[in-house]
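J.: First the structure, then my questions, so here it is.
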Amino acid sequence: MNVPSEHLLYLAAGLFAIGVLGFLIRRNVIVVLMCIELMLNAANLTFLAASRQHSTAQAANLDGPVFAIFVILVAACEAAVGLALIIALFRLKQSVEADSLSEMKG
Amino acid sequence: MGGTWLLWFIPLLPLFGAAACGLIHFATLAAQKGDGSGKRPSALAPLVACAAIAGSLGLSIAAFKELAALPADARVIESAVWEWIHAGSLKLDISLVVDPLSAVMLLVVTGVGFLIHVYSAGYMKGDPGYAKFFAYLNLFVFSMLMLVLSSSLVGLFVGWEGVGLCSYLLIGFWYEKGWPAEAGQKAFIANRVGDASFLIGSFILIKLFGTLDMSDINAAVAGVASDPAKAWWLTVGALCLFGGCTGKSAQLPLFTWLPDAMAGPTPVSALIHAATMVTAGVYLVVRLNPVFAADPAVMTVIGTVGALTALIGGTSAIFQRDIKKVLAYSTVSQLGYMFLGLGSGAFASAIFHLVTHAFFKGLLFLGAGSVIHGMHDEQDMHKMGGLKHHMPKTFATFLAGAAALSGLPLLSGFFSKDEILAHTFAHGGFHQVLWGIGIVTAAITAYYTWRMVALTFFGKERFDHHHVHPHESPAVMWVPLAVLAVLSVFGGVLGLPPVFHVAHQLETWLEPVTAPGKALLAMHGTHTLSHAAEWALLGLGSVIALVFATLGFRAYVGGTARDENVERTKPALADFLVGAWKIDAKYYAVIVYPAKLVAFVTAVFVDQFAIDGLVNGAGGLATATGNRLKILVDGSLKSYALWIGAGAVLLAFLWMFV
C-alpha cells in the first residue's frame, strides 16, 4: 500500500487545527497541554511526510526523522515541566482552570 | 655613553619612578585600610623618586661630557627610534636630540629637580598623599625632559602639555581646601589659551616648511624669509608661537595664573613655577630662534611684552604680604627679563638668566618653604619677623638667594641681568626705552627683595609665641638650600661680561644653536658696546641694586609700619599694586563673569526647558502609548494564545499570497 504524501499532510493539518482549536477553547490546563502535544505531533508528521517525499529508492532522507526525534525529546521535557507547573498551580489555586490565571494583567 | 639609546633613559627613569610611586601610593592606601598605619610603603616613595632623578642627572652629565668632547660645530647627539607619522609629505620621527641648548636645560632640570626632590622628602613628610606627590613630581620631570629633548615640535608639544597637566595636578594637590583646586583650573585654562595659539603657530609652520623637525625648520628659515609672500606668514606663525610662550611662561596677557599657582606645595612652586616649567617659553624661543629673528618686528613685540611684564610683575610684588606671592610676582618679572633679552637677540643671555634664576629663585622658594614649615604654615610676612635667630641656616641661604635676585654685584643674578640690560641698551632705538623699563624694574626688584628679607628675618618677632615656635628645618631640607646657595653665588662664572676679558662660557657653548638667529638679525645691523659703555652700565646696575636694596631693607627692618602707612594714605595705590594692576580683576569682569552668565543661562533655560523638555517628552510619549496599549494585555492565557495564533495565521497568509 502506498499512501500519497499529500494525504499525510492533510492529516497533519487536521491534527494541528484540532490542537489549535482545543488550545483556544478548552479551559482545563491539562487539556491545553495535551493540545500542544497534538500540535507538536502534527508537526512531526509533516516532517516525516516531507522527508519521505524527498527520499529516493537508493538514499533515504533522514533529516525529517532526526527532527522528529528532537521534537519528541523537547515535547517530553515540556510535558514534564508543564505537568509540574500544573501541580504547583493546583496547590496555589485549588483549580486547573486557565481563566483563573490573570495576575499578570497589565 | 655606550649608545645613543641611553638617551631614552634620561626621561624614562622619572617615568618609571612616577609609575613606582603611584603603585606605592595605592599600596599605602591599602595599608591604611588594613591596619590604619600606612607608613611603611609611603616611606619608600622619596627614595624611588630621588633615585630616578639622580639616575637622569647622571645620564645627563654623561651626555653633556659626550657632547663637550665633540668639535663645536658637530655637537648633536640624536637617537631616533621609529617613524611616528608619515602622511603625504609630512614625516615625523620619534627621536630625542641633545645639542648644547638641550644639554644646558637637561642639567638645570635634573640638577635643580634632584635638589628639590630631596627637599620635598622633608617638606612633605606626614602628608597623606606623600607617595602621590612624588609620583606627580617624577611625572613632571619626565614631561619636562621630553619637552627639552624632543627633536620635533610635536614631541615638544607633548612635553609642553605634560608639564601643564602636572602643574595642574600639583597646584591642586591639596584640593580638599577648595581654592587650590580652583587655582589649578585657572592655570590650566590660561595655559589652554596659550596652547591654542601654539598649535595655530605649529600649523602655520607645517604649511610653510612641510616639516616639524626643529633643526630642519631652523635650516630652512632663511629661504622662507626671503620670499615676501611666505615671510608674512612666518611672522604670523612666530607671533602665534610666542602666544603659546606667554601662556606657559606667564607673560602679558596670560600671566595671572602664576600668582594663584602658589596654592600648590612650596617645592612645586620652586620646581615648576620658578625653575623649570615656566622657562619652557624661553627655551622654545631660543630653540626656534631663526623663526623669531626673521622679522625684527616679532623681536620688538617679544622685547616689549617682556619689559612690560617685568615692570608689572615687579611693581605687583612691592606690597604683597604673602611671602610666596612676592616670589611669584618676582618670577613673573624675571621671566619678563628673559623675554626682554630674547627680544634684543641676546639668546644666550636669556638662557644664562634662566639658569641663574633657576638657582636663586629655586633657592628662595625652598627657603620660603623652610620658613613656612618652621612657622607652622604661616605665609604672611607681617606675622613673621626676627627669624634669623631661630632659623640661621635658612636665613644664610635665603640671604644668598636674595642678594642674587636683587643683582648685588658679583653674584649670579648681577651678571645675567646686567648682560640682558646691556644687550637691550646696545640694540638701540626703541629698545633703549625697554632698557629704561628694565633698569627701573631692577631697582624695584632690589627694593621688594630686601623688604621681604627684612620683614621675614629681621625686626621684632610679630608672631604669637604661645602657638608658634619657629624651628630650623631638618638637614634633608637645608642641605639642598646650601647647594643652591653656592650655585646662586658663584653661578655668574658661567657668563662673565666681556670687560673681564674671560670667554663667556655659556655664550660660546650655545653658539652653534644661536648662530642662525644671530645671522638673520645681523642683516638688520649689528650692535656692540664699547668697554667704557659696558663699565658704565655695570656700574649703574651695581649702584641701583645697592641703593634700592638698602632702601628696601631700611624701610622694613623696623617693622611693618611702612606698609600700614601706604595702606592708610594711598589705599588706591596699594590696592592697585597688590591686585597686580587689576588685570586679573578685569579678566574676571570681561571674560570670566560673562562666561559664567552664559553658562548659567544655558543651564537654567536651555538645559532645563529645551533639553530636559525633549527628554521628558520622549518619556511621556512612551508612557502615553503604553497606557493606550495595555488593554491588550488582559492577563488571560487564552487571549495571548489567540493573538499568537492570529499572528501565525497572518504570517502564513502573507507568506503564501503576498
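The values are calculated or read from the model by the stated rules, or taken from the named source; none is laboratory data. Nothing here was measured: the structure is a model prediction, and the numbers come from that model. Neighbour counts are summed over all protein chains in view; Cβ atoms, including those assigned to glycine, are modelled from backbone coordinates with ideal geometry.
J.: Give me the helices (runs of 4 or more DSSP H) completely within region B:225-287, filtered to those with at least 1 residues that are among the β-branched types (Val, Ile, Thr), ordered by residue number. Steps first, please.
T.: Working: elements: B:228-248, B:257-260, B:266-270, B:280-287.
So the answer is B:228-248, B:266-270, B:280-287.
J.: Please work out which residue is surrounded by the fewest Cβ atoms within 10 Å (Cβ to Cβ), limiting yourself to region B:551-568 and to residues that are at pLDDT below 90 and of a type outside the set (D, E, K, R).
T.: B:Ala561
J.: In region B:3-36, what count of residues is obtained for those that are in a helix (DSSP H, G or I) and touching a strand residue (DSSP E or B) at 6+ places or on another chain (Cβ under 9 Å)?
T.: The qualifying residues number 7.
J.: What about B:Ala545, is it surrounded by fewer than 11 Cβ atoms within 10 Å (Cβ to Cβ), away from chain A (no Cβ under 14 Å) and assigned to a helix (DSSP H, G or I)?
T.: So B:Ala545 does not fit the description; no.
J.: Does B:Thr4 meet the test of being within 14 Å of B:Tyr130 (Cα to Cα) and crowded, with 17+ Cβ neighbours inside 10 Å?
T.: So B:Thr4 does not fit the description; no.
J.: Is there a residue being over 17 Å from B:Ser488 (Cβ atoms) and in contact with a Lys or Arg (Cβ under 9 Å, 6 or more places away or on another chain) anywhere in region B:397-420?
T.: Scanning region B:397-420 turns up no residue that is over 17 Å from B:Ser488 (Cβ atoms) and in contact with a Lys or Arg (Cβ under 9 Å, 6 or more places away or on another chain).
J.: Provide a single number: the residues in region B:117-139 that are modelled with pLDDT under 90 and of a type in the set (D, E, K, R).
T.: Qualifying residue count for the region: 2.
J.: Can you pull out every residue in region B:488-517 that is outside any helix (DSSP H, G or I) and in contact with a helix residue (DSSP H, G or I) (Cβ under 7 Å, 6 or more places away or on another chain)?
T.: B:Leu496, B:Pro497, B:His504 - these are the residues of region B:488-517 that are outside any helix (DSSP H, G or I) and in contact with a helix residue (DSSP H, G or I) (Cβ under 7 Å, 6 or more places away or on another chain).
J.: Within region B:626-641, is there a residue that is more than 11 Å from every other protein chain (Cβ to nearest Cβ), surrounded by fewer than 10 Cβ atoms within 10 Å (Cβ to Cβ) and in a helix (DSSP H, G or I)?
T.: Checked against the condition, which is being more than 11 Å from every other protein chain (Cβ to nearest Cβ), surrounded by fewer than 10 Cβ atoms within 10 Å (Cβ to Cβ) and in a helix (DSSP H, G or I), region B:626-641 yields at least one hit.
J.: Among the residues of region B:582-605, are any of a type in the set (Asp, Glu) and away from every other protein chain (no Cβ under 11 Å)?
T.: The answer is yes; a qualifying residue exists.
J.: Could you say which residue among B:Val557, B:Val615 is among the β-branched types (Val, Ile, Thr) and touching a residue at least 24 places away in the same chain (Cβ under 8 Å)?
T.: Selected residue: B:Val557, the only one of B:Val557, B:Val615 that is among the β-branched types (Val, Ile, Thr) and touching a residue at least 24 places away in the same chain (Cβ under 8 Å).
Residues checked against (1) in contact with a strand residue (DSSP E or B) (Cβ under 9 Å, 6 or more places away or on another chain); (2) among the hydroxyl-bearing types (Ser, Thr, Tyr); (3) over 26 Å from B:Gly558 (Cβ atoms):
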{"site": "B:Leu410", "(1), (2), (3)": "no, no, yes"}
{"site": "B:Leu421", "(1), (2), (3)": "no, no, yes"}
{"site": "B:Ala426", "(1), (2), (3)": "no, no, yes"}
{"site": "B:Gln432", "(1), (2), (3)": "no, no, yes"}
{"site": "B:Gly438", "(1), (2), (3)": "no, no, yes"}
{"site": "B:Thr445", "(1), (2), (3)": "no, yes, no"}
{"site": "B:Val453", "(1), (2), (3)": "no, no, no"}
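J.: List every residue pair whose Cβ atoms lie under 7 Å apart, where the two residues are 6 or more positions apart in sequence or sit on different chains, the first residue falls within region B:189-204 and is in contact (Cβ under 8 Å) with a residue 12 or more places away in the chain, and the second residue, located anywhere, is buried (at least 20 other Cβ atoms within 10 Å of the Cβ) and not in a helix (DSSP H, G or I).
T.: B:Ala190/B:Leu254; B:Ala190/B:Thr256; B:Val193/B:Leu254; B:Gly194/B:Leu254; B:Ser202/B:Leu212
J.: Quick test for you: out of B:Ala62, B:Ala68, pick the one residue that is exposed (fewer than 15 other Cβ atoms within 10 Å of the Cβ) and of a type in the set (Gly, Ala, Ser). Walk me through how you get there before you give the answer.
T.: On the way: B:Ala62 fails: exposed (fewer than 15 other Cβ atoms within 10 Å of the Cβ).
The match here is B:Ala68.
J.: Return the residues of region A:71-96 that are of a type outside the set (Gly, Ala, Ser) and either surrounded by 12 or more Cβ atoms within 10 Å (Cβ to Cβ) or over 30 Å from B:Tyr640 (Cα atoms) (or both); say none if nothing qualifies.
T.: A:Val71, A:Ile72, A:Glu78, A:Leu83, A:Leu85, A:Ile86, A:Leu89, A:Phe90, A:Val96
J.: Let me ask something else. For region B:572-625, what are the residues that are assigned to a loop (DSSP other than H, G, I, E, B) and over 30 Å from B:Asp380 (Cβ atoms)?
T.: Kept after step one, since they are assigned to a loop (DSSP other than H, G, I, E, B), are these residues of region B:572-625: B:579.
Scanning region B:572-625 gives no hits.
J.: Okay, next question. Output yes when any residue across region B:338-354 is among the polar types (S, T, N, Q) and buried (at least 24 other Cβ atoms within 10 Å of the Cβ), and no when none is.
T.: Checking region B:338-354: at least one residue is among the polar types (S, T, N, Q) and buried (at least 24 other Cβ atoms within 10 Å of the Cβ).
J.: Take B:Glu419 and tell me if it is touching a His at 6+ places or on another chain (Cβ under 8 Å), of a type in the set (Asp, Glu) and within 30 Å of B:Glu534 (Cβ to Cβ). Can you show your working first?
T.: Details: touching a His at 6+ places or on another chain (Cβ under 8 Å): yes; of a type in the set (Asp, Glu): yes; within 30 Å of B:Glu534 (Cβ to Cβ): yes.
For B:Glu419, the condition - touching a His at 6+ places or on another chain (Cβ under 8 Å), of a type in the set (Asp, Glu) and within 30 Å of B:Glu534 (Cβ to Cβ) - is met.
J.: Considering only region B:288-301, state which residues are aliphatic (A, V, I, L, M), closer than 20 Å to B:Leu153 by Cα and assigned to a helix (DSSP H, G or I).
T.: B:Val291, B:Ala293, B:Val298, listed by residue number.
J.: Condition first: within 30 Å of A:Leu89 (Cα to Cα) and more than 7 Å from chain A (Cβ to nearest Cβ). Now tell me which residues in region B:642-656 satisfy that.
T.: Those that are within 30 Å of A:Leu89 (Cα to Cα) and more than 7 Å from chain A (Cβ to nearest Cβ): B:Trp643, B:Ile644, B:Ala646, B:Gly647, B:Ala648.
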